[in-house]
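> Before we start, here is the structure in question, set down as structure tokens.
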């Protein structure tokens, strides 16, 4: 099933024609309503009239997270506050959060794109959706909620936390789908097992999981432990929230980007140069229809690759590969680029290891050190020192083989690494650079 | 003739060992014998207790990784060459000792040695055929 068939299956030329028309409108609008863009375009020597083809997009300057902070809280809004009906904000782990606003029409569009996402996960109005994304300033909770209602499904506005209640409602209400971060779903699966619940016998059929990078192996583990299909959803609050792109259940190979509402480019993070379609790089988004908070060429720091081929589900929107990491999550260890998700993939490739790990990066003299802490599950525990040391050596070797860095592996007691109910903290960088 | 031993993974950090002994003490479990093997980062605590099932359960509840292994308890004459006679026998049979630890019976007459062999059944057979006293599980749990 396809929710907006007329848009989601447009031929490539029609998508591009629609994108150009909408791009010209939004560029003109921000130039005349947002001081930041007028200044940025003027100093780049480009005016809205210069945008004659999609290729001209690259003449426009980038927008980055710091620009959002500099204009905190409402400086980049392009409509008066009287037209704003909703505000959200990012978690803002350092300094002020970044604030985003929505008009009534923006909220409607967002709900439609989330409804599309649910339909591409095989859901319809008969489904019950357990929404464990946090409700509040974070876009996950309300974003998924409005989409589920738009679709006509029954939504359980569970939010995060209250683990025991989550498990109880998963059993008693019999939801057929769950929305949360992948690490939180694994946390729930573990908590359920500890409570003696057979997590495979739940009515859950599909997980719509996102808001953090995860690996293919983590997906396999989730599918095995809960007996569901796990699908990847992508979004970020600056662009809209969840629903910017969504994997389809038919293809399960990349996430369809809602190209009638967004233009995506991939760039080289270091030089800012636009890369040919299909080359991995940093994703850059331009919103085409957002009224309250349009963004031009926003650098996401998320690393992915675009796949323009038409998918077997029939959707013509280009797909992006699962996010392999974030350019700011990327650790440079003795000159080698390492993404936490790569380490996760190595760990999950070893039988019996759990995806609970912490990377500690430090500096010894002038040399970077990487320590990988891994929890010992009963599956790998042995009463013989030698066996455990062999396991440490095996992990060290696999990391070296796959990533080319030498790590010190430290086994730690089970359940000692932090399980955050939301985004998992996997890296502790102690270097003061 | 096998004895069930539980083993616990411990990080080398203050309070690690006492959290195990506290959990066992609260559950009124008696520790009959123990050994701690360690590296610079972690240790493995091996225990013979009077109630294996309960001990595993309370330690799992505390979040520990707990293993169960079969070991062999052999009574060793308390005289020079007592242990050596056992090891020579096993060496001759090509049986490998993974680890061992000793404790003394209440009466103080004989020492009891707990062995972990690479081939447990063969070891028990060889020991019995050569007149060594291999203790039953219940004898050890109730020592």
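Rule-based calculations on the coordinates, nothing more; no lab input. Just so it is clear, the model here is predicted, and its values are computed rather than measured. Note that we place each Cβ from the backbone using ideal geometry, even for glycine, and neighbour counts take in every protein chain shown.
> Suppose the Debye formula is applied to equal point scatterers at every Cα of chain B; what is log10 I(q)/I(0) at q = 0.21, 0.22 Å⁻¹?
Those come out to -1.28, -1.35, one per q.
> Which distance in Å, rounded to a whole number, links the C-alpha centroids of the stretch A:216-270 and the stretch A:338-375?
Between the Cα centre of the stretch A:216-270 and that of the stretch A:338-375, the gap is 24 Å.
> I've got another one for you. Taking chain A as the reference, fit the longest principal axis to its C-alpha atoms, fit the long axis of helix A:163-172 to the helix C-alpha atoms, and give the angle between the two in degrees, 0 to 90, nearest 10.
Long axis of A:163-172 versus the principal axis of chain A: about 80 degrees.
> Which distance in nm do the two modelled labels at residue B:21 and residue A:366 give, with both placed 7 Å along the Cα-to-Cβ direction?
4.9 nm
> Quick one: if you take sqrt(5λ) for each eigenvalue of the C-alpha gyration tensor of the protein assembly as shown, what semi-axes come out, biggest first, whole angstrom?
For the protein assembly as shown, the semi-axes come out at 59, 25, 20 Å.
> Could you tell me how many degrees, from 0 to 90 and to the nearest 10, lie between the Cα long axis of helix A:216-226 and the main elongation axis, the longest principal axis, of the Cα atoms of chain A?
Compared with the principal axis, the helix lies near 70 degrees.
> Can you give me the relative contact order of the stretch A:331-429 as a percent, contacts being Cα pairs under 8 Å and 6 or more apart?
33 percent
> Given a Förster radius of 25 Å and the C-beta distance between residue A:408 and residue B:38 as r, what FRET efficiency does 1/(1 + (r/R0)^6) yield to the nearest 0.05?
Working from the Cβ atoms, E equals 0.90.
> Sticking with this structure for a sec: Using a Gaussian network model of chain A whose springs link C-alpha atoms within less than 10 Å, name the residue from A:341, A:201, A:154 with the highest mean-square fluctuation.
A:201
> So what's the gap between the Cα centers of the stretch A:57-85 and the stretch B:125-139, to the nearest angstrom?
Value for the Cα centre distance between the two parts: 81 Å.
> So, one more: Counting helices only, and only those DSSP H runs with n ≥ 4, report the 222 nm mean residue ellipticity of chain B as the sum of -39,500 (n - 2.57) divided by its residues, in deg cm²/dmol to the nearest 500.
-9500 deg cm²/dmol
> Provide the percentage of antiparallel DSSP beta bridges, counting only those with both residues in the protein assembly as shown; round to the nearest 5.
Once the DSSP bridges in the protein assembly as shown are tallied, antiparallel ones form about 75 percent.
> Tell me what chain A gives for mean residue ellipticity at 222 nm when only DSSP H runs of n ≥ 4 count, each as -39,500 (n - 2.57), the sum divided by the residue total, rounded to 500 deg cm²/dmol.
-9500 deg cm²/dmol
> Averaged over peptide A:408-417, how many Cβ atoms belonging to another chain are found within 10 Å of each residue's Cβ?
4
> Post the alpha-carbon centroid distance, the stretch A:126-168 to the stretch B:44-111, in whole angstrom.
Each part's Cα centre sits 54 Å from the other's.
> One-quarter of the Cα convex hull surface for the stretch A:331-429, in nm²?
Taking the Cα atoms of the stretch A:331-429, their convex hull projects to 6.5 nm² on average.
> How well do other chains shield peptide A:382-392, expressed as the mean number of their Cβ atoms within 10 Å of each residue Cβ?
Across the residues of A:382-392, the mean count of other-chain Cβ atoms within 10 Å is 5.
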